[in-house]
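Here is the structure we will look at.
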Amino acid sequence: MAAGVELGFAAAAAGPAGAWRLRSACFPSKVGGRPAWLGEAGLPGPAALRCGRCQQPCAFLLQLYAPLPDRPDAFHRTLFVFACRGAACYRLPGPRGPLCVFRNQLPRRNDTYPAEPPPEEPPPGLAAAAPPLRLGSGAALCRVCGCLGPRVCGSCRRAAYCGPQHQALDWRRGHRRSCGKNAAGEYEILIEPEEPEFPADSSVDPNDEQGAVDTSKDPKEQGEIGATGSAGEAFQSLDEETLEAMAKHETEEDKIFQMFKERVAAEPEQIIRYCRGGEGPIWVSSENIPDEKDIPNCSCGAKRIFEFQIMPQLLNHLQVDSLGESIDWGTLVVYTCADNCGGGNEYLEEFIWKQDFSAGSI
């Protein structure tokens, strides 16, 4: 991917005719279904994919193909994001919790894929299907999340699962009626550069007081409940320093959310903003923005840098299919190892931060 900001958009895979592009050999970026794993060695297991809050298995959310052209060991490179289905697990902002992200990379010459680019057209006779339920080595994959599936259905002996939770979930969803049918919806992520339509001074001027609350006026003039109303009494009971602090917080919150809205207005359907090590994320709130100390170093000791963020528009495409009801976020921000370590081709866990909309911006 290029150094500038790039945007990702969800596009239907065009039915069976286009589903072949979502297979591992085509190095897809996609939402939903099961992961199209890059390397077949060292896949994250059920323990690594448990929710940090409820300890239930996470579901596959999306993957992003993000090779690094200047790194021969990352000629192919994909990031995989998983999310918990439990709505209650999203009530707290911050790190990890119901979300996790893994990075995997391969050199151009490897034991899994040819050195030549994938074909533009589907190979003759290729079955138009979702990612296969087995790796090339023959190892079975879970029908629900696509992770290694050591557990099999006792009836058909064909459907594999990572554990009893996903086996029970698949059973309730219809495996007992139609064994082997894949009902999970998938979207391809199409990447385009962000058009430079935003002038440098397009954001809200911090010195521009237009639209800000004038706390110097009497609360009655501000449209509060009134002189005898509870809101008016509450404001009158606060000292000037507290009022100024409240006004400053409110106007800062308004500015950040306004900047967010302005930046996405030209492309409101964007679900990904990518800019590794360059322009940082755009935040939806002044609350719960991580400090440098909040972003842990990689296990190799290197710092982590911003790579991409997942926008709230993605929630419109999930349609409660594989992730359950009422999960929510303002933005999900992924930070990865600045040194891009991992010569052993393993799946390395990176860092993800969840920021919510503030109550005042919803």
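Bear in mind that the values in this text are calculations on the coordinates, not laboratory data. Predicted, not measured: the structure shown is a model, and the values here were computed from it. Here the Cβ is made from the backbone with ideal geometry for all residues, glycine too, and neighbour counts use every protein chain on show.
Numbers below:
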| quantity | calculated |
| --- | --- |
| Extension gain (nm, one decimal) between residue 339 and residue 54, 0.36 nm per residue minus Cα-Cα | 99.4 nm |
| For region 278-283, Karplus couplings with θ = phi - 60° (6.51, -1.76, 1.60), whole Hz, Gly/Pro x | x, 4, x, x, 9, 8 |
| Relative packing of 45-53, 292-300, 267-275, which averages over residues the other C-beta atoms within 10 Å, highest first | 267-275, 45-53, 292-300 |
| Contour excess over end-to-end distance, with Cα ends at residue 313 and residue 295 and 0.36 nm allotted per residue | 4.0 nm |
| Contour excess over end-to-end distance, with Cα ends at residue 12 and residue 191 and 0.36 nm allotted per residue | 63.1 nm |
| For peptides 301-310, 255-264, sequence by mean Cβ density within 10 Å, most packed first | 301-310, 255-264 |
